[in-house]
1. Among the candidates B:A343, B:A310, B:A305, B:A336, which residue alone is without any contact (Cβ under 8 Å) to a residue 40 or more places away in the chain and assigned by TED's automatic domain parsing to the domain that holds B:I74?
2. Checking B:D123 against (1) at pLDDT 95 or above; (2) farther than 28 Å from B:L209 by Cβ: exactly one of these is not met. Which one?
3. Is it true that B:L109 is more than 28 Å from B:V178 (Cβ to Cβ), free of Cβ contacts under 8 Å to residues at least 60 places away in the same chain and either open to solvent by 40 Å² or more (accessible area, probe 1.4 Å) or not in a strand (DSSP E or B) (or both)?
4. Quick check: is even one residue across segment B:95-105 farther than 30 Å from B:Q326 by Cα and free of Cβ contacts under 8 Å to residues at least 60 places away in the same chain?
5. Could you check segment A:311-330 and list, in sequence order, the residues that are small (G, A, S), farther than 17 Å from A:T361 by Cβ and either open to solvent by less than 10 Å² (accessible area, probe 1.4 Å) or touching a strand residue (DSSP E or B) at 6+ places or on another chain (Cβ under 6 Å) (or both)?
6. Of everything in segment B:464-475 that's open to solvent by less than 20 Å² (accessible area, probe 1.4 Å) and in contact with a Leu (Cβ under 7 Å, 6 or more places away or on another chain), which residue is nearest to B:I422 (Cα to Cα)?
7. Could you look through segment A:481-494, keep only residues that are open to solvent by 10 Å² or more (accessible area, probe 1.4 Å) and part of a helix (DSSP H, G or I), and pick out the one that is nearest to the other protein chains (Cβ to nearest Cβ)?
Number of protein chains: 2
Amino acid sequence: MCRRDHDEVYMPFSFIHKYFEVYGKISSSDSTDKFEWSHSYSKVYHPKKKYDPHGTFTTFENYNVEVRDRVKCISGIEGVPVSTQWEPKGFFYPTQIAQFGLAHYSKNLTEPEPRVKVIDDGDKNLENWIVSKDASISREFDTELKSNIIRFTTTEHPSSQVWCKVNISQDFVLSLDVRLKPNSSLTVVLQNKDKKETVYLHYVTSTQLIYTLDEHIYYGIGIEYKWRRLTRDLIIDMQKGWALLDKPKRKSPRNKFRISSIIFSGNGSAANIRVSTSEHMAHFFAAARWLVSTQRARGGWPVKARRRVAARVPDLKAGWHSAMSQGHGISVLARAYHRSKDASYLRAAQRALHLLDVPSTAGGVKAMWMDKYVWYEEYPTKPPLFVLNGFIYTLLGLYDLHVIEGENSISLAKKMFDDGMISLKTLLPIFDTGSGSFYDLRHITLGVSPNLARWDYHATHVNQLYLLAGLDSDPILINTAKRWEGYMQGRRAAHN
Amino acid sequence: MCRRDHDEVYMPFSFIHKYFEVYGKISSSDSTDKFEWSHSYSKVYHPKKKYDPHGTFTTFENYNVEVRDRVKCISGIEGVPVSTQWEPKGFFYPTQIAQFGLAHYSKNLTEPEPRVKVIDDGDKNLENWIVSKDASISREFDTELKSNIIRFTTTEHPSSQVWCKVNISQDFVLSLDVRLKPNSSLTVVLQNKDKKETVYLHYVTSTQLIYTLDEHIYYGIGIEYKWRRLTRDLIIDMQKGWALLDKPKRKSPRNKFRISSIIFSGNGSAANIRVSTSEHMAHFFAAARWLVSTQRARGGWPVKARRRVAARVPDLKAGWHSAMSQGHGISVLARAYHRSKDASYLRAAQRALHLLDVPSTAGGVKAMWMDKYVWYEEYPTKPPLFVLNGFIYTLLGLYDLHVIEGENSISLAKKMFDDGMISLKTLLPIFDTGSGSFYDLRHITLGVSPNLARWDYHATHVNQLYLLAGLDSDPILINTAKRWEGYMQGRRAAHN
């Protein structure tokens, strides 16, 4: 496998790559080929200004929660992601829902203004709906919506429809107010521009999350007859349907499809129909509302999936809590309060604090390091694991709430943040391997082999530390961030 | 620098070696050349039986303290090494002296019986001394030594001597009882068997440690007129003289030299003159006696050299104490008591405990980890460093004393050992880097870059842990030992 030339032995890089987990590629410049060498494929973000809880959440504008394979789909009723990470049939994972919200909140601030194509607003933009013979349509003013709406009625015959032809490419986020009687539906037809391929997205009066039949993909939006605001990323909805049909994942379907028609069947009303590049704030508030409506008496969002965390520790039983869920939830709710001034968001954020002070052994998420330093546990195992990134995310939730509450408030969040920062600054060096970082401290609490952070988690640590270094001038934060960033470039601590 | 063949890039091993600190060599077997790859050049010893404080001290039978460059010489008065490690003019470093003692104690148990050539025992073996015209010799019985001795008198003229011709190669440890009036000396002449080279080792009535003049090397053995037992490794004495003369270090001088004559000048007496392969127990007891005679009121052996330990911590000022000195001292003294039954050794060992309970801030060596776990500090800096190998050596001293005291004793040593083992088992995982071990915990206490243990210290850790795993069945010890040994073979902890 090696080559030899006199006293020198040459080793194939394919071996070096696997053995040391380094990366390399040949780059050609200045007419000479160079072999470039790197230790990590992850990106470090150097914050340009101090972290602001009113603004983007860390680097989450780069997150795309809903495209992840472990997201089954966006639920039709709540408008939030459903996870299959630890439970194939799907469950609401509060951390993921909060990340979905925070990503959209952040994108809303960083992305350019979306294009909006109004289909029918009942006012200036009116669509010429095509009405089958046996169907009918009428326009009226709705006092609840305070807006003009359309009412439609069709028979049960499949060809009995109220529909419109559209021809929209590039933008795929449909939103509308809709109110459906049982057995009624909204269908969006997508067509492949090149191939003769048609996909039907049906939003139906059902409590079933998602089901599919050939090119038909069905999302249940609930059965109650009431106004709902639907905001659907049609491409995501199509892809999640394909995933359910075990079709292979496709590259950039956004470039290949167009919306060809929108169809109403049954009995119902609709209003304010439009298609946009994005509707980030709608997704964000869907997450915020989910958090308010599902929060339990102790302020927690239980995770309803059994979680196997590590060998040698009992599984977390369905109904466990995560400090990361609590912290992320608080970050969502604090922003929702900031944007809406709706005090119910603030109260929910404040309620979410309490579980952070309940020990893991009592159903909470609090661990103590050597009986002395508090740690908010992403996974509240017994014994504790001291996961680093989840702890820091929890601290950010506390910071967010404290700032949004206002500097002069008597703030439990502030006290919890301060206590946590003392723990962080004390324990942070224990996570240093001299060439990377530990994901958690299981080697100390369980006495097992260390759990090294893979590079993307290490990069998360570095990004989190740069952010915190802007909030706290203790040199341990900035020095650790810099040293750990150096590890990603192949630097290592010295040996004696 | 690299080579390329289609899609594969070949890297020179000389680069890989430096970059990753791995070692490799080509080995030829079965008519094919193989490239063998290793991560560490250090050796791990798997103990064959439970550690016994009456026996060898860990793996110290492999130590050769006196040949180290940082040993200036073996002092003529005390018979113990003088260190130049932190103080070029030389100082007594208790840790080094104890290691010298423990190495010789261990070698005495593991090496074959030494050859002994009796030159003159005043009884069965009498040498025919050559006496110059103006010199004289007589034999008599000495009541103090309880042995026949020779008395010699010469004039101040250089050719006035009492001497004997010997021709001894291979064995070079001279021992004798000697009592010299001022300006008297013992000289040993060494000759290179190949080259015409003569070296004169002079043991003189002086308090000067060592001085040289061309081929003459002088060791002061003190000025008081009293019986002394001299035990000198002549090769070591010659090499240390050469080092002082800035002569290059020579390979295996033991094979190239012979002892050609022994010369007395001035006024004095001598007895029991012999040359042996080794006199390990004499060296061991020299160390033990030094420890008893220099111990201070608080039981300590102060280190009389300023020690710069790490950036960002104040230097240890001359007079500092080391838990490792205390522990090694106890290991020497416990064995000296075991061998001699002289209770003064036992009392000195017990006195040495007290400083282990005095905080570093009060001139002692005790640090506390998070106010909870005691640590005996090799270097009692403020803040503490938590050096691992020195701590474990201290624990071994405590264990040695406890066992030698007898199982039924009410033992402070036992309590200190037990407390220390709890600390060790609690903190040990913190020293795990996932691919090696930390030498100390300065990254945690000082917030600086970690201080990785180089491979020989890592191997020491592994050896120490295998030893302790034989004394304590807690799986953390044996599991850590095995995992850390794996790191030396290139294994690494998994990442998530």
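1. Step by step, each of B:A343, B:A310, B:A305, B:A336 is checked, and only B:A343 is without any contact (Cβ under 8 Å) to a residue 40 or more places away in the chain and assigned by TED's automatic domain parsing to the domain that holds B:I74.
2. Among (1) at pLDDT 95 or above; (2) farther than 28 Å from B:L209 by Cβ, the lone unmet condition for B:D123 is (1).
3. yes
4. no
5. Scanning segment A:311-330 gives A:S325, A:G327, A:G329.
6. B:L468
7. Step by step, filter segment A:481-494, then rank; the result is A:R483.
Residues are listed down the side, and each one gets a yes or a no for (1) aromatic (F, W, Y); (2) open to solvent by less than 30 Å² (accessible area, probe 1.4 Å); (3) closer than 20 Å to A:V188 by Cα:
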residue	(1), (2), (3)
A:G266	no, yes, yes
A:S269	no, yes, yes
A:H280	no, yes, no
A:R289	no, no, no
A:S293	no, no, no
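The values are calculated or read from the model by the stated rules, or taken from the named source; none is laboratory data. For clarity, every value in this text was computed on a predicted model and none was experimentally measured. FYI the Cβ positions are ideal-geometry reconstructions off the backbone, even for glycines, and counts take in every protein chain you see. To get the accessible areas, we keep the full protein, side chains included, count just its heavy atoms, and leave off ligands, DNA and RNA. Shrake-Rupley method; radii C 1.70, N 1.55, O 1.52, S 1.80 Å.
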